[in-house]
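Visitor: Structure below; questions to follow.
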Amino acid sequence: QATLRKQRRKQNKASCRRHDLYVDFSDVGWNEWIVAPPGYHAFYCQGECPFPLADHLNSTNHAIVQTLVNSVNSNIPRACCVPTDLSPISLLYLDEYEKVILKNYQDMVVEGCGCR
Amino acid sequence: GASGLIPEVGRRKYSESGKQSPQQSENFLNEFELRLLNMFGLKRKPNPSKHAVVPQYMLDLYHMHSANGEHGTKRPRSMGKHAEKAASRANTIRSFHHEEAMEALASLKSKTTQQFYFNLTSVPEEELITSAELRIYRNEVQSPPSSNSSSGQSAPSSSTSNGLHRINIYELFGHAGADQPLARLLDTRLVQDSVSRWESFDVSPAVAQWTSGKSHNRGFMVEVLHPEEGEEHRHRHVRVSRSLHQDQDSWAQARPLLVTYGHDGRGDAVLHRRDKR
């Protein structure tokens, strides 16, 4: 049972899912002109898309077929683990003319990952 | 590294990876940098000075948005309902201070007029301005020191609570060489002079015309009528000019502010209400 649990944990760990990623604007030198926020939780997707694809991996029909083909022919790659749902954030910043702007930027935060 | 949006470390690592010739690497990096700039709607990396001022109103709007749907933060008290409605449709909110070198102040006995010019050339062509507000700060009127007061302190204006002022906002237009520009009334309000607060005026029609190129930006004229004029200091309570503002340090946060609400066709509005995850 312990071995099975370990295997399952290993499999879960490796399968496609969302991971934490905090983007600190000071790391890339953007804090000089971005007033707020100082950074944000962007997240990222990483992991395997193994055969057979589980339901929660938000696969497309194409990804299911590609994974099936990969199971019989390893020359064909598995489906990729990518963001399937993204949300916007607002940034308050000074532009190149020192004007203050509040702008909404789409697709900045990963909400969900899947195999595509 | 023309703009500097890519950190130097990242540039160096990519160049030293040896995947391409140095020239190719430089070209790829510059292309990527252009994409970054385009994503932010910038022409080059902003390099604001230490003296750059972020208006409190913009911070309030930002906090209102960031708490939206989470803590139920209400709109700033000074934000008009029309501004809230405008923000709910806009994905870009810009703020502008007027060009002080181009202001023209005139003060007669019962009337103060001020001409403002806001440089709106930084608004990109693809951005459609749906609304704009001109925000003017006015301080409560303090009655003059009473003649029998030993302290010489001015009393709050409760004694002059009947004092009313009218603020008219005009759009200026006409030929560039004309001595007397023509003016069209955009918004007007009768205000009680016993309260300190920001007043928001709807100047959407003029700004929409200017930014779309349909008419030339000649600026605004603010007219303050104080019919019960009798005290010399009265015209000073509407903060339309640095010269009427006694505390120079606070001028940056009390000076007139033009706020535009626009949409560039990309994505949701700033005050878009998001469902809780």
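The values are calculated or read from the model by the stated rules, or taken from the named source; none is laboratory data. On a predicted model such as this, the values are computed, not experimentally measured, just so you know. Counting neighbours? That spans all protein chains shown, and the Cβs are built from the backbone with ideal geometry, glycine included.
Visitor: Kindly list the number of the only condition in (1) more than 7 Å from chain A (Cβ to nearest Cβ); (2) without any contact (Cβ under 8 Å) to a residue 40 or more places away in the chain; (3) more than 13 Å from B:G4 (Cα to Cα) that fails for B:E33.
Guide: Every condition holds for B:E33 apart from (3).
Visitor: Another question, if that's okay. Looking at region B:99-119, is at least one residue surrounded by fewer than 18 Cβ atoms within 10 Å (Cβ to Cβ), modelled with pLDDT of 85 or more, under 19 Å from A:V100 (Cα atoms) and more than 14 Å from the chain's Cα centre (by Cα)?
Guide: No, because not a single residue in region B:99-119 is surrounded by fewer than 18 Cβ atoms within 10 Å (Cβ to Cβ), modelled with pLDDT of 85 or more, under 19 Å from A:V100 (Cα atoms) and more than 14 Å from the chain's Cα centre (by Cα).
Visitor: Then there's this: Starting from region A:38-53, keep only residues that are in a loop (DSSP other than H, G, I, E, B), then list their pairs with residues that are exposed (fewer than 15 other Cβ atoms within 10 Å of the Cβ) and at pLDDT below 95 whose Cβ atoms are within a distance under 6 Å, requiring at least 6 positions of separation or different chains.
Guide: A:G47/A:A14; A:F51/A:S71
Visitor: Another one. Could you list, in sequence order, all residues of region A:71-83 that are hydrophobic (A, V, I, L, M, F, W, C) and in a strand (DSSP E or B)?
Guide: Keep residues of region A:71-83 that are hydrophobic (A, V, I, L, M, F, W, C), which gives A:72, A:76, A:79-82.
Result: A:C81, A:V82.
Visitor: Considering each residue of region B:62-88, count those that are surrounded by fewer than 16 Cβ atoms within 10 Å (Cβ to Cβ), touching a strand residue (DSSP E or B) at 6+ places or on another chain (Cβ under 7 Å) and at pLDDT 85 or above, and give that number.
Guide: Qualifying residue count, region B:62-88: 0.
Visitor: Quick one: would you say A:G39 is touching a helix residue (DSSP H, G or I) at 6+ places or on another chain (Cβ under 8 Å) and over 14 Å from A:C16 (Cβ atoms)?
Guide: Details: touching a helix residue (DSSP H, G or I) at 6+ places or on another chain (Cβ under 8 Å): yes; over 14 Å from A:C16 (Cβ atoms): yes.
Yes: the conditions hold for A:G39.
Visitor: I would also like to ask the following. Residues of region A:84-104 being in contact with a Phe, Trp or Tyr (Cβ under 8 Å, 6 or more places away or on another chain) and part of a strand (DSSP E or B), which ones?
Guide: Across region A:84-104, the qualifying residues are A:P88, A:I89, A:S90, A:L91, A:L92, A:Y93, A:L94, A:V100, A:I101, A:L102, A:K103.
Visitor: Checking B:D179 against (1) under 23 Å from B:M102 (Cβ atoms); (2) over 16 Å from the mean Cα position of the chain (by Cα); (3) modelled with pLDDT under 90; (4) buried (at least 20 other Cβ atoms within 10 Å of the Cβ), which test does it fail?
Guide: All conditions pass for B:D179, except number (4).
Visitor: Also: Residues of region A:83-93 being within 7 Å of another protein chain (Cβ to nearest Cβ) and among the β-branched types (V, I, T), which ones?
Guide: Answer for region A:83-93, where residues must be within 7 Å of another protein chain (Cβ to nearest Cβ) and among the β-branched types (V, I, T): there is none.
Results for (1) touching a Cys at 6+ places or on another chain (Cβ under 8 Å); (2) modelled with pLDDT under 95; (3) under 19 Å from B:S66 (Cβ atoms), shown as yes or no for each residue.
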position: A:G29; (1), (2), (3): no, yes, no
position: A:P37; (1), (2), (3): no, no, yes
position: A:C45; (1), (2), (3): yes, no, no
position: A:A54; (1), (2), (3): no, yes, no
position: A:S74; (1), (2), (3): no, yes, no
position: A:L92; (1), (2), (3): no, no, yes
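Visitor: When the residues of region A:12-37 are narrowed to those that are part of a strand (DSSP E or B) and more than 14 Å from chain B (Cβ to nearest Cβ), which ends up farthest from A:Y97 (Cα to Cα)?
Guide: By that ranking, first place goes to A:S15.
Visitor: Still on this structure, I have one more. Return yes when A:E96 is at pLDDT below 95 and within 11 Å of another protein chain (Cβ to nearest Cβ) and no when it is not.
Guide: Numbers: at pLDDT below 95: yes; within 11 Å of another protein chain (Cβ to nearest Cβ): yes.
Yes: the conditions hold for A:E96.
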